[in-house]
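The values are calculated or read from the model by the stated rules, or taken from the named source; none is laboratory data. Owing to the predicted nature of the structure, the values given are computational and were not obtained by experimental measurement. Counting neighbours? That spans all protein chains shown, and the Cβs are built from the backbone with ideal geometry, glycine included.
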Amino acid sequence: MILTLTTTVLAAISLQTADPLAPARGGDQLCYVPDAAAKTCMSIAAYSFGADGVIVSDARTAISASPVITMTTRTPIMIRDGFDCSNASDLTEQIVAIHVTGAALEGASFETTRTQIATEVANVIGGDEVCTVYQTQADGTLLAVSRVDGNDRADLSTPVLWIKPGEGWTVSSS
């Protein structure tokens, strides 16, 4: 009985301290809302790991199919209790590029559009800190499950898939 309890406690501790970005440390990228047949993702995030421990997510996300609009974000990440956490209070600064039909927005157009997008996203999130854990489902798929300011947000859950760069995956909203 004590052995079973110890095993259960150790398993729970290992789940809490597991590195949710372990595949990214090996070079994999995270595909949000994957379409395996078309090899498309709503968003693809690549992670960099600094020698100083700083983790940054560089993500390209489809905003619209017509016209084709994508945005690129650069977000500092912290690992806490097995969750990948980021600060949602400075979303405007995290949006580093917006492209419309392949052309980069610049100047006032870029500033206005990124502020509008950040405001809309902030309204959906409704908090300052977003923490995500990646859970394997019964069918073997992976689901990104989020919490905002410590509160579970099932409405923000989305399917994800670790992918290898160079395998032909692209960002698309279709």
Looking at GLY53, GLY102, which one is within 22 Å of PRO165 (Cα to Cα), at pLDDT below 95, out of contact with any Ser or Thr (no Cβ under 8 Å at 6 or more places or on another chain) and not β-branched (Val, Ile, Thr)?
GLY102
Region 100-143 - residue that is in contact (Cβ under 8 Å) with a residue 40 or more places away in the chain and among the hydrophobic types (A, V, I, L, M, F, W, C) and, of those, farthest from SER157 (Cα to Cα)
ILE117
Which ones in region 109-141 are of a type in the set (Gly, Ala, Ser) and closer than 20 Å to ALA24 by Cβ?
GLY140
If you take the residues in region 52-78 that are surrounded by fewer than 16 Cβ atoms within 10 Å (Cβ to Cβ) and of a type in the set (S, T, N, Q), which one is nearest to ALA118 (Cα to Cα)?
SER64
Could you please let me know if THR17 is in contact with an Asp or Glu (Cβ under 9 Å, 6 or more places away or on another chain) and modelled with pLDDT under 90?
yes
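Can you say whether ARG114 is more than 24 Å from PRO20 (Cα to Cα) and touching a strand residue (DSSP E or B) at 6+ places or on another chain (Cβ under 9 Å), as far as the supplied structure shows?
Working: more than 24 Å from PRO20 (Cα to Cα): yes; touching a strand residue (DSSP E or B) at 6+ places or on another chain (Cβ under 9 Å): yes.
Here the answer is yes, as ARG114 does meet what is asked.
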Residues satisfying the stated conditions in region 144-174, i.e. free of Cβ contacts under 8 Å to residues at least 24 places away in the same chain and under 12 Å from VAL33 (Cβ atoms)
SER157
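Quick one: in region 115-135, which of the residues that are of a type in the set (D, E, K, R) and over 18 Å from SER173 (Cα atoms) is modelled with the lowest pLDDT?
ASP128
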